[in-house]
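Notes follow once the structure below has been shown.
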Amino acid sequence: MSKRPAAESLIGEIRRTATVRPGTRMVKVLSARQLAGHLRGWLPCGFCYREYDLAHLRTPADLAVLLSDSGGAPGEVVFALRWRAVGPGDYEIPSTEYRGLVTMPPHDRVGPPVIGSGFAPASQRLIPEFVTADLADLPLTANASLIAYTSDGTEVTLYSYLPEQRAWTRMFGPQWRHLVAGVPGSSRGPFPADQEYLPTEPAPSRFVGQHNGEVYEAIADPPGEFRVLAKTRAARYPVERLARRCAYGTWRGATCTIVRAENGWLRIRLCRPDGESVARLGAHCVERGVYETWAPAAEVTDARTVDLPYDL
């Protein structure tokens, strides 16, 4: 039944019983390339899963079906990003609203096909899958981590996120250095396996909160702690309201989120990709379900910053 579209009433009702609540642990399985990207500042987006539903999958072979990259077989290690959900509104079921992903031509697709039932295309397991709302970036919550799973099922925490410093800190010792041996470096040099502290650049998607009538950048530590972003502990005031700030725009009739801006150009991501819009905009698939392209900033209309509030 999980191989059928969710429009069929019974499978749709079954899928809706898998829900996300504040504090739910979410996981995204990563390739080595994606691990390096997140250490440089990438944020969670696209397809992800509840940790509860993956608790029985502990090896690279088990988790391979959930890879969203085109890097092939995971080999002796597979990586994952783990964070906690702030609210259910950040996640959607990839079914009816994302029909374009189901009908995407194979040559425009990366990773496993999207079935449309809301379940991963696993032949022997029933795994409900989610996508981030509008396929947009989600800000990282406090204590997010990058982890590795080895062929014997061992889980190793590689890095932990420090929101006040906007940086990852290394958690693994020399005995696990071989796990990151195949992680690609960047134009600045090889992968910094021995680096203790890896700062990231500020991203367009972030948490903002209200304290005493003023709006500040905020930190989310779900399920119950939300505070002003400040490096000194005395200034970490609790916020009365919290929202996710995201940039949207329209290019050639397609609604997109704005990922970043460079020299008069905008990197945009389609909110509802389908074969026609991907071809018309010249977008390409950067990972399963996520389609991006560059657009001249002057041609992007209705560019706006939206604050999406959470129910605290």
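A few remarks follow.
- Contour excess over end-to-end distance, with Cα ends at R125 and A203 and 0.36 nm allotted per residue: 24.5 nm
- q = 0.09, 0.11, 0.14 Å⁻¹, the chain: log10 I(q)/I(0) [Debye, one scatterer per Cα]: -0.46, -0.70, -1.17
- Per the Kirkwood formula applied to alpha carbons, region 206-245 shows a radius of gyration over Rh ratio, Rg over Rh, of 0.92.
- The reciprocal of the average 1/r between distinct C-alpha atoms defines the Kirkwood hydrodynamic radius, which for region 1-157 equals 15.9 Å.
- Relative contact order for region 9-199: 26 percent, from Cα pairs under 8 Å spaced at least 6 residues apart, divided by residue count.
- Value at 222 nm in deg cm²/dmol, rounded to 500, when DSSP H runs of n ≥ 4 in the chain each add -39,500 (n - 2.57): -2500 deg cm²/dmol
Coordinate-derived values only; no laboratory data. In this text, all values refer to a predicted model and were calculated from it rather than measured experimentally.
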